[in-house]
1. If you take the residues in region A:362-398 that are within 12 Å of RNA strand B (Cβ to nearest atom) and open to solvent by 40 Å² or more (accessible area, probe 1.4 Å), which one is farthest from A:Gly336 (Cα to Cα)?
2. Give me the residue from region A:235-257 that is more than 7 Å from RNA strand B (Cβ to nearest atom) and without any contact (Cβ under 8 Å) to a residue 60 or more places away in the chain and, out of that set, least open to solvent (accessible area, probe 1.4 Å).
3. Could you grab me the full set of residues in region A:192-209 that are within 10 Å of RNA strand B (Cβ to nearest atom), among the hydrophobic types (A, V, I, L, M, F, W, C) and either within 26 Å of the chain's Cα centre (by Cα) or open to solvent by 10 Å² or more (accessible area, probe 1.4 Å) (or both)?
4. Could you count how many residues in region A:420-452 are surrounded by fewer than 12 Cβ atoms within 10 Å (Cβ to Cβ) and in contact with a Leu (Cβ under 9 Å, 6 or more places away or on another chain)?
5. For region A:319-342, enumerate the residues that are closer than 19 Å to A:Leu373 by Cβ and loosely packed, with under 15 Cβ neighbours inside 10 Å.
6. State yes or no: is A:Ala409 of a type in the set (A, V, I, L, M), in contact with a helix residue (DSSP H, G or I) (Cβ under 8 Å, 6 or more places away or on another chain), open to solvent by 30 Å² or more (accessible area, probe 1.4 Å) and at pLDDT 90 or above?
7. Is it the case that region A:19-33 has a residue that's outside any loop (DSSP other than H, G, I, E, B), more than 18 Å from A:Val207 (Cα to Cα) and open to solvent by 50 Å² or more (accessible area, probe 1.4 Å)?
8. Yes or no: A:Val73 among the hydrophobic types (A, V, I, L, M, F, W, C) and touching a Pro at 6+ places or on another chain (Cβ under 7 Å)?
Amino acid sequence: MDTIKTRFAPSPTGWLHVGGARTALFNYLLAKQAGGVFLLRIEDTDRARHDESAVAKIIEDLRWLGIEWDEGVEIGGDNGPYRQSERLDIYRKYTNQLLEAGRAYFAFETAEELDAMRQAARAEKRNFRYPRPDPLPRRNDADKARAEGRPVVVRFKIPGRDVTIHDEVFGDVTVAADEQDDFIIAKTDDWPTYHLANVVDDALMGVNFVCRGQEFLSQTWRHVLLREAFGFDEPKYAHLPLIMDMQGRKLSKRDGAVEVHAFRKAGYLPEVLVNFIALLGWNPGDDRERLTMSELIESFSPGRIGKANAKFDRRKLLAFNTDAVADADENHLLAGFKDYLSLNETPIPGDDDSLLLHLLRINKGFRTFADILTKCGVLFVTDDAFEYDPKAVKKVLAKGDGDGYAMLADLRTKLSACDWTEDALQSLIEDVCAEKSIGMGKVAQPIRVAVTGSTVSPAIYDTLMILGKEKTIARIDRCLAMREKA
RNA sequence: GAUCCCAUCGUCUAGCCUGGUCUAGGACACCGGGUUUUCAUCCCGGCAACACGGGUUCAAAUCCCGUUGGGAUCACCA
């Protein structure tokens, strides 16, 4: 067989969805592991839902994930153009070919008429099939209809035979002839429908392995029939089980991020997302779970794609990210952290590499970059720009007879006399602990709450070193003053 | 509603094709314990599934049938 050629053909209507990302990934893997070609085509034939900015968004997120195409939009190739909106004349030519061969015909119903027919069928508990007219309307009928202001579409005349799809994942699936009907291939506006454009492009671009979501499986008969009518070769098909939410419903935005970009913005590493979505509906067949892109390429096999829908478990994704971050080298983390900061509003200066590296080090054990921001962001705002969490204040400072405040006042005196090196701070605090025979927590927590407003921050020495003496004292004073007011 | 597809721990899944090695394995989550100046991390231990009912067979998670449950499709959206 020829070298394998796969494609990802998104419709630009918004951000890249994790489901789309998985389809892209599997196509990429399929091509790469066999030394084949992976191409990217934009299917922008839906003018109503079209969003031009989505093209760039999809491309950007694909690249962020590390999925590179060998041919297609932006990089070109021998089979362009790679946007369907630029291939309209091609589709027209193929539609006409069908029309001339009597394999397609014109139809003139309005949406309302079609709707009424469907309603009627429903009322009679009958399945609706478009009633093919006899004789078939010809071009002059179409001209006449157009002159009368009626919509004109082109429908494919199905041959009326059962169609069996040979799917690499689901096996042979047969769609009976009486389940099919004469579907539309050219819309009122003369643009092609998905089925026509997709089939023509795949054939013309040499795509010989079609891997896409399972929602297309029960429609693939249209593609088989269209290909047959054109004399195109059959590609291999592999339909992927769907990705659902934890309730088993279609993955939707309401229960969290579903877009690749959202995970990027939330502080996840791209290779983690790739690893995780690769395991949705596929596995290497052994106990390995952590796989790099090259390991995925090496071990990928369509035969190991499962048939059951998968649920998208965000907690497992988080665990993957936590582990990956712990193993990643600093420069890689630095790049990821900067990307994260550039996408989010943050007081942390994103251009100070040594500071960023320092933050990465003192936050060891973080789960996503967002953890660093929530923990350290407050250290970079002005001293009066953060709120004191009432619960933290109560628990750490006000509890008892204001023991925490007393401790803080004492510490303020000592701290202001400290020469502010990590060693000095450490012995200062340890001395206080020893002197009063109390635990570290009793000393560190009041300071932490005073300088950050919360009970959560990096280790106390790290926190104080980043803040510096002046800001520390200023914040403690603000905290003490707040007590007086209360 | 019609058609098609699917079904192992709460979740991702291994095992199923080529029945016995499965008192069903791994990971996440959860629970319990430990480490830790907070959070997070980390360490140890534990809980937990073959949807149900019939067959076939010496033997079934594995093969067959049915039931139930879930999903997809039935657009001038892709």
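1. Ranking the qualifying residues of region A:362-398, first place goes to A:Lys395.
2. Out of the qualifying residues, it is A:Pro235.
3. Once the filter is applied, which keeps residues that are within 10 Å of RNA strand B (Cβ to nearest atom), among the hydrophobic types (A, V, I, L, M, F, W, C) and either within 26 Å of the chain's Cα centre (by Cα) or open to solvent by 10 Å² or more (accessible area, probe 1.4 Å) (or both), region A:192-209 yields only A:Ala197.
4. Number of matching residues: 1.
5. Passing the criteria: A:Ala326, A:Glu330, A:His332, A:Ala335, A:Ser342.
6. Values: of a type in the set (A, V, I, L, M): yes; in contact with a helix residue (DSSP H, G or I) (Cβ under 8 Å, 6 or more places away or on another chain): yes; open to solvent by 30 Å² or more (accessible area, probe 1.4 Å): yes; at pLDDT 90 or above: yes.
Taking the combined requirement at face value, the residue satisfies it.
7. no
8. When the stated conditions are applied, A:Val73 does not pass them.
The values are calculated or read from the model by the stated rules, or taken from the named source; none is laboratory data. Note that this is a predicted model, so its numbers are computed, not measured. Using ideal geometry, Cβ is built from the backbone for each residue, glycine included, and neighbour counts are taken over all protein chains shown. The protein model used for the area step is the full one, side chains on, heavy atoms only, and it has no ligands, DNA or RNA in it. Shrake-Rupley method; radii C 1.70, N 1.55, O 1.52, S 1.80 Å.
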